[in-house]
Amino acid sequence: MINIKTLDKILKKVEKPARYIGMEQNSIEKDISNAKVKFAFSFPDIYDVGMSHLGLHILYNLINNEKDYVCERVFAPWTDMEEEMRKENLPLFTLESKEEVKNFDFLGFTLQYEMSYTNILNILDLSDIPLRAKDRGDNAPLVIAGGPCAYNPEPLAEFIDFFVIGEGEEITLEILKLYEKHKAENWSKDRFLEDIATMEGIYVPKFYQVVYNEDNTIKERKVLNSTAPEKIKKRMVKDLNTMFSPESMVVPYIETVHDRVIMEIFRGCTRGCRFCQAGMIYRPVREKSVDRLVELAENLVENTGYENVSLSSLSSCDYSELHLLIEKLMENFEEKKVGVSLPSLRLDSFIVDILQEIEKVRKSGLTFAPEAGSQRLRDVINKGVTEEDLVNTVTRIFREGWSTVKLYFMIGLPTETDEDVLGIRDLAYKVKDIFFETPKEQRKGNLKITASASCFVPKPFTPFQWLGQDSIEEFYRKAYLVKNNIKDNKIKFTFHDPKLSYLEAIISRGDRKISELILKAWEMGCKFDGWSEHFKYDTWIEVMEELGIDGDFYALRNRDLEENLPWDFIDPGVSKEYLKREYNKSLGEKITDDCRISCNACGIVDCTMRGYKF
Amino acid sequence: MRLFHRTFNKAKIPIGYSEGFNPHPKFSIANPLALGIESDEEYIDIELDNMEVEDFIEKMNLVLPKDVQIIEGKSIEKGETIDSLISWAHYEIEFELKENIEGFGENLMKWLQRDEINIDKIRRKKKKEIKRVENIRPLIGNLTVKEIHEKNVVLNTLLKAGSNGNLKPMDLVEAMNRDMELKIDLQSMDIRRTGQYAEKDNNIFKPL
C-alpha cells in the first residue's frame, strides 16, 4: 500500500480529490493479499471520462465476481495530481486498495481513442514500470490492452506484452485462469506468452517481425515463434442474453461524463456506413432480449440509485423491439421517477413517437448526424438517410415542441467537392426554415441550431482504409468555407481541430515505427493529447522530424489496394474482399443495403441477419 | 447531495419532489462543508411522505457507506428548517508553524483582543470582482489552543455559521497567518468540524 499520509496531504491540494479516493457505492474492496490474480484495469484518461465507459463496469464486475480474482481501477491522474505525486515520489496506485500498480499481476488498458496513447506511457512511468515490453522482467506486471483501437495494435507493439482482439466477456477469465495455472507452476513470462499466444484473440507482438520495403511500405511479416498464429481472429460472444452483463455499476461521488446507468441493448450494426470502424468490427448484430433488458434495467436501477437509464448501442433506434422495450421500461419506471434516454439517434421519423414517450416532460435538445451535406456524398459513405428523412423528422419535432437541434457532419470525406461542403450550410438553413414554417402556436422556445463538423479520419477495417486524409490546410479551407457562408445568429457552426485529426490519422493507421514517435512525444511532455488545452501539435511535428517519420506517409497517402497494411494480420470477421467491394462501390456513389434487407456477404460467419426481416 | 439523492432512490425512500420540468428531491444540507474539511456531524432537512424516522434511518444506513451514517432523526413542523436554526460551528484546526513559534499562545490571545480583524472578501459577480472589507472579530465565538507540540498546533474554535453571519475556518487561519506572520502552509492544514449548534437566549445547544 502507498503512504496514505502523503496521499491525504496532496489530496488537499488538487482539484476534485474524489477522483483519487475510490470508496464509491458498489466499488469492490477485497483483501488483495489473498487474491490469486490481481488485475489493475486502466482507462488511460481521467476518472471523470473513464468512469463513463461501459467496458470498465463490465470487466470490473466480471473479474470481481470470481472469488480468487481482484480487479481494481486506475486512471490517468490529472496534471495537478501528477505534479504533486512526482514531487512527493508517490507511485501510481489503484483506487480500491491504494496498492501500487506495479504490484499487480496485470495492468490492462482499454484503447478507446488513439490520442490517449501517450497517457498509457505516462501511467506506466508513474507506476515505475518500464515502458518497453522487452525491458520488463519476469516480476513486472503483464501489460495488456484491448478495445476498438487494438484492431490496429502495431503503434503500441513496443509497449504491450499482449493484445486482446475483440470482445472481452469470455476471454478475460480464460486469460486469468491460464495465468493462475502458470503461476502455480514454475513461472516464466516467456513460457506464459508462448502458451497464451495459442488462445484465439491473443496477439503477442514480440513473436512477430515486420520487414519493410524501401518505400517504407510493408514487405512481409515473419512469425518468429512456432506457437504464434499467422492471423489473429477476433473474439466474439455468440449470445448476449447468456453473456455476463453487469447488474451493478460503481457510482461516482463526482459528476462524470455519463452520469447514469448505461445499458447495452445490442452489439453490432447493420447499416454499413463506410467510414465507421465500429460498424465493421462489432459485426454481427446480436441483441439482448426485451425480457433480459427489463430484468437488467430493474437490477441496475435498484443497485445504483441512478435516475436515468441510457439505452446504449451503435444505433439504438435499430433495436428490433424498441417500442416494446421502451413501453415496458416506462411502465416499470414511471413511479420511481427514473428516465430513459436514447443516445445515437438516427433521422428516422418513427423515432419521434418514441421520444415523445420517453421525454414526457423535458424537451431537451436533439442530436442528429447526417454526416455529409449532400445526398451524393451521403451515398458515397453509405449513410442511408435522405434529405426527406431529415425534413420529415425535423418538421415533427418542432411541432412537438423541441427547439434545440444539433447536427453532426464530417468534412474531408472521400470525393468531397466544395458543393458537398456547402451542403452543410444548406441543411442547417433548411432546418431553420422548417422551424419558422411551423405554425406559431405549435412551436416552443427559441430556435438554436448547432452544426458541427469533425475532420474525417480514415480508419483500419473500413472501406476507406486505403484512402488519404485531407491535408490540414484543406480541412481549414473547407471549414471556413462553411463558417463564412453561415450568416445567421440562430445557426452556430463549429469544427474540430484539423491538427488533432491529422495526428489521429497517423496513429490509427500507423505501423510499429509509430511506437518510437509516441515514446519520444511523451518524453517531450505530450500527454492528454485529446484535451485541446494540452495538445502540443508543434512538439509532435518536431519529434517526427527528429525521428525521420513522415506523417503524410501515414495520414495523407492513398494506398494501393494490394499493399500490405500494418493491420492485415488481424481478422475482424469482415473480409478484405468485402471492404474492397465497398470501396469500389463508394467511388461509384452506389449504396449498399442494410444487412436486414439483404445479405451483403461481408464475410461474417454464423450471422443471423441475412436479410431476415424488415 | 449526489450521494444522498442516489441513496434515497436505492433505499426506496418516499421523498418529496419539487414540482416543475426538472423535479428534484426536497432535501437540504445545513452549512455545506467546503471541500477537504472533515466533519463529525452534519444536519440535513428532508421532506418525507409518510415514513417513520426510525424506519428511515434503518433503510438509509443499510445503503449508505459505513463512514457516512445517520445517527439521529426527528420529525419537525413544516417551515422550521435546520439551516435557520444553526448559528455556530465548532472546529478543530491543525497546522504546522514555520515562524514565530515562541509565544504563539500569548500572541494569539493578544490578537483576539483587537476590536477589529478585517479581511478582504471577494465576490464574483459575472466577470467583475467586488472587494469588500469585513470585520470578522464578532464572528469568532472563542478560540483556544488545544495543543502545541513542537511546531504542530491544534486549535479549537467556535465560529459563526449560517445565514446570520458566517466565518470559514480557512479565512480565520488566513487572517491569523497574515497578522501574526506565521508562514503556515495553508494547503497542508487539517480542519475538522466537530459540532454545529443553535443559539437561544445566549445559550448554545445541539439542534436535535
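The values are calculated or read from the model by the stated rules, or taken from the named source; none is laboratory data. Values in this document were obtained by computation on a predicted structure and should not be read as measured data. Positions of Cβ are backbone-derived with ideal geometry, glycine not excepted, and every protein chain shown enters the neighbour counts. Quick note on the areas: whole protein, heavy atoms, side chains included, nothing else; ligands and nucleic acids left out. Shrake-Rupley method; radii C 1.70, N 1.55, O 1.52, S 1.80 Å.
Which residue is farthest from the other protein chains (Cβ to nearest Cβ), if the candidates are limited to the range A:16-25 and must be under 16 Å from A:Glu84 (Cβ atoms) and not in a loop (DSSP other than H, G, I, E, B)?
Top of the filtered list is A:Arg19.
Among the residues of the range A:1-10, write down those that are open to solvent by less than 40 Å² (accessible area, probe 1.4 Å) and either within 13 Å of another protein chain (Cβ to nearest Cβ) or not in a loop (DSSP other than H, G, I, E, B) (or both).
A:Thr6, A:Leu7, A:Ile10
From B:Ile70, B:Ile57, which residue is in contact with a helix residue (DSSP H, G or I) (Cβ under 8 Å, 6 or more places away or on another chain) and either surrounded by 12 or more Cβ atoms within 10 Å (Cβ to Cβ) or among the small types (Gly, Ala, Ser) (or both)?
Every option except B:Ile70 fails the conditions.
Can you pull out every residue in the range B:1-10 that is facing another protein chain (nearest Cβ under 9 Å) and in contact with a strand residue (DSSP E or B) (Cβ under 7 Å, 6 or more places away or on another chain)?
Within the range B:1-10, B:His5, B:Arg6, B:Phe8 meet the criteria.
Confirm whether A:Phe435 is closer than 24 Å to A:Glu400 by Cα and open to solvent by less than 60 Å² (accessible area, probe 1.4 Å).
In short, yes.
Of A:Lys30, A:Lys38, A:Lys13, which residue is more than 14 Å from chain B (Cβ to nearest Cβ), part of a loop (DSSP other than H, G, I, E, B) and open to solvent by 20 Å² or more (accessible area, probe 1.4 Å)?
A:Lys30
Taking the options A:Thr94, A:Thr118, A:Thr172, A:Thr79, name whichever one is touching a strand residue (DSSP E or B) at 6+ places or on another chain (Cβ under 7 Å) and among the hydroxyl-bearing types (Ser, Thr, Tyr).
Result: A:Thr94 is the single residue among A:Thr94, A:Thr118, A:Thr172, A:Thr79 that is touching a strand residue (DSSP E or B) at 6+ places or on another chain (Cβ under 7 Å) and among the hydroxyl-bearing types (Ser, Thr, Tyr).
Does A:Tyr578 meet the test of being open to solvent by less than 20 Å² (accessible area, probe 1.4 Å) and part of a helix (DSSP H, G or I)?
Criteria met by A:Tyr578.
For the range A:218-241, how many residues are closer than 16 Å to A:Asn152 by Cα and under 26 Å from the mean Cα position of the chain (by Cα)?
Summing the residues that are closer than 16 Å to A:Asn152 by Cα and under 26 Å from the mean Cα position of the chain (by Cα) in the range A:218-241 gives 5.
Say whether the condition of being part of a loop (DSSP other than H, G, I, E, B) and surrounded by fewer than 19 Cβ atoms within 10 Å (Cβ to Cβ) is met by at least one residue in the range A:71-89.
yes
Just to be sure, is A:Glu264 open to solvent by 20 Å² or more (accessible area, probe 1.4 Å), in contact with a Ser or Thr (Cβ under 8 Å, 6 or more places away or on another chain) and among the acidic types (Asp, Glu)?
Working: open to solvent by 20 Å² or more (accessible area, probe 1.4 Å): yes; in contact with a Ser or Thr (Cβ under 8 Å, 6 or more places away or on another chain): yes; among the acidic types (Asp, Glu): yes.
Spelling it out, A:Glu264 is indeed open to solvent by 20 Å² or more (accessible area, probe 1.4 Å), in contact with a Ser or Thr (Cβ under 8 Å, 6 or more places away or on another chain) and among the acidic types (Asp, Glu).
Looking only at the range A:472-501, count every residue that is open to solvent by less than 50 Å² (accessible area, probe 1.4 Å) and either over 24 Å from the mean Cα position of the chain (by Cα) or aliphatic (A, V, I, L, M) (or both) and tell me the total.
10
May I ask you to say which residue of B:Ile86, B:Ile82 is over 17 Å from B:Gly141 (Cβ atoms) and open to solvent by less than 70 Å² (accessible area, probe 1.4 Å)?
Of the residues listed, the single one that is over 17 Å from B:Gly141 (Cβ atoms) and open to solvent by less than 70 Å² (accessible area, probe 1.4 Å) is B:Ile82.
If I ask for residues that are open to solvent by 80 Å² or more (accessible area, probe 1.4 Å) and either within 11 Å of chain A (Cβ to nearest Cβ) or at pLDDT below 85 (or both), which ones from the range B:11-52 would you list?
Hits for the range B:11-52 are B:Lys12, B:Glu19, B:Phe21, B:Asn22, B:His24, B:Lys26, B:Pro32, B:Leu35, B:Glu38, B:Asp49, B:Asn50.
Check whether at least one residue in the range A:83-92 is touching a helix residue (DSSP H, G or I) at 6+ places or on another chain (Cβ under 7 Å) and closer than 21 Å to A:Val251 by Cα, and report yes or no.
no
Look through B:Glu80, B:Glu92 and report the one residue that is at pLDDT 90 or above, under 23 Å from the mean Cα position of the chain (by Cα) and not hydrophobic (A, V, I, L, M, F, W, C).
Going through B:Glu80, B:Glu92 in turn, just one is at pLDDT 90 or above, under 23 Å from the mean Cα position of the chain (by Cα) and not hydrophobic (A, V, I, L, M, F, W, C): B:Glu92.
Evaluate the following for A:Glu255: is it in a strand (DSSP E or B) and of a type in the set (Asp, Glu)?
Values: in a strand (DSSP E or B): no; of a type in the set (Asp, Glu): yes.
The answer is no for A:Glu255.
Here is a list: A:Ala133, A:Ala140. Which entry is more than 29 Å from A:Ala278 (Cβ to Cβ) and either surrounded by fewer than 19 Cβ atoms within 10 Å (Cβ to Cβ) or in contact (Cβ under 8 Å) with a residue 12 or more places away in the chain (or both)? So that I can check it myself, show each step before the final result.
Details: A:Ala133 fails: more than 29 Å from A:Ala278 (Cβ to Cβ).
Of the residues listed, the single one that is more than 29 Å from A:Ala278 (Cβ to Cβ) and either surrounded by fewer than 19 Cβ atoms within 10 Å (Cβ to Cβ) or in contact (Cβ under 8 Å) with a residue 12 or more places away in the chain (or both) is A:Ala140.
Here are A:Glu66, A:Glu96: which of them is more than 26 Å from A:Glu15 (Cβ to Cβ), in a loop (DSSP other than H, G, I, E, B) and in the same structural domain as A:Arg132 (by TED's automatic domain parsing)? Walk me through it before giving the result.
Values: A:Glu96 fails: more than 26 Å from A:Glu15 (Cβ to Cβ).
Criteria check complete, one pass: A:Glu66.
Could you go through the range A:365-379 and let me know if any residue there is under 30 Å from A:Ile506 (Cβ atoms) and surrounded by fewer than 17 Cβ atoms within 10 Å (Cβ to Cβ).
Taking every residue of the range A:365-379 in turn, at least one turns out to be under 30 Å from A:Ile506 (Cβ atoms) and surrounded by fewer than 17 Cβ atoms within 10 Å (Cβ to Cβ).
Which of the residues spanning the range A:151-201 are assigned to a helix (DSSP H, G or I), over 19 Å from the mean Cα position of the chain (by Cα) and of a type in the set (D, E, K, R)?
If the condition is that a residue be assigned to a helix (DSSP H, G or I), over 19 Å from the mean Cα position of the chain (by Cα) and of a type in the set (D, E, K, R), then A:Glu170, A:Glu174, A:Lys177, A:Glu180, A:Lys181, A:Lys183, A:Lys189, A:Asp190, A:Arg191, A:Glu194, A:Asp195 are the ones that fit.
So in the range B:53-100, with the set limited to residues that are aromatic (Phe, Trp, Tyr) and away from every other protein chain (no Cβ under 13 Å), which one is farthest from B:Glu42 (Cα to Cα)? Let's see the steps before the verdict.
Step one: list which residues in the range B:53-100 are aromatic (Phe, Trp, Tyr), which gives B:56, B:88, B:91, B:95.
Filter again for away from every other protein chain (no Cβ under 13 Å), leaving B:56, B:88, B:91.
On the way: B:Phe56: 17, B:Trp88: 13, B:Tyr91: 13 Å.
For the range B:53-100, the residue satisfying everything is B:Phe56.
Which condition number does A:Lys234 fail, the rest of (1) within 14 Å of chain B (Cβ to nearest Cβ); (2) under 27 Å from A:Lys288 (Cβ atoms) being met?
(1)
Pick from A:Glu247, A:Glu180, A:Glu158: which is over 24 Å from A:Ala278 (Cβ atoms), within 14 Å of another protein chain (Cβ to nearest Cβ), charged (D, E, K, R) and touching a residue at least 12 places away in the same chain (Cβ under 8 Å)?
From the options A:Glu247, A:Glu180, A:Glu158, the qualifying one is A:Glu247.
Out of all the residues in the range A:49-63, is one or more surrounded by fewer than 18 Cβ atoms within 10 Å (Cβ to Cβ), away from chain B (no Cβ under 13 Å), in contact (Cβ under 8 Å) with a residue 12 or more places away in the chain and farther than 29 Å from A:Arg260 by Cα?
The answer is no, given that none of the residues of the range A:49-63 is surrounded by fewer than 18 Cβ atoms within 10 Å (Cβ to Cβ), away from chain B (no Cβ under 13 Å), in contact (Cβ under 8 Å) with a residue 12 or more places away in the chain and farther than 29 Å from A:Arg260 by Cα.
Say whether the condition of being part of a loop (DSSP other than H, G, I, E, B) and in contact with a Gly (Cβ under 9 Å, 6 or more places away or on another chain) is met by at least one residue in the range A:498-516.
Checked the range A:498-516: no residue is part of a loop (DSSP other than H, G, I, E, B) and in contact with a Gly (Cβ under 9 Å, 6 or more places away or on another chain).
Filter the range A:321-352 down to the residues that are charged (D, E, K, R) and either at pLDDT below 75 or buried (at least 20 other Cβ atoms within 10 Å of the Cβ) (or both) and list them by number.
Within the range A:321-352, A:Arg346, A:Asp348 meet the criteria.
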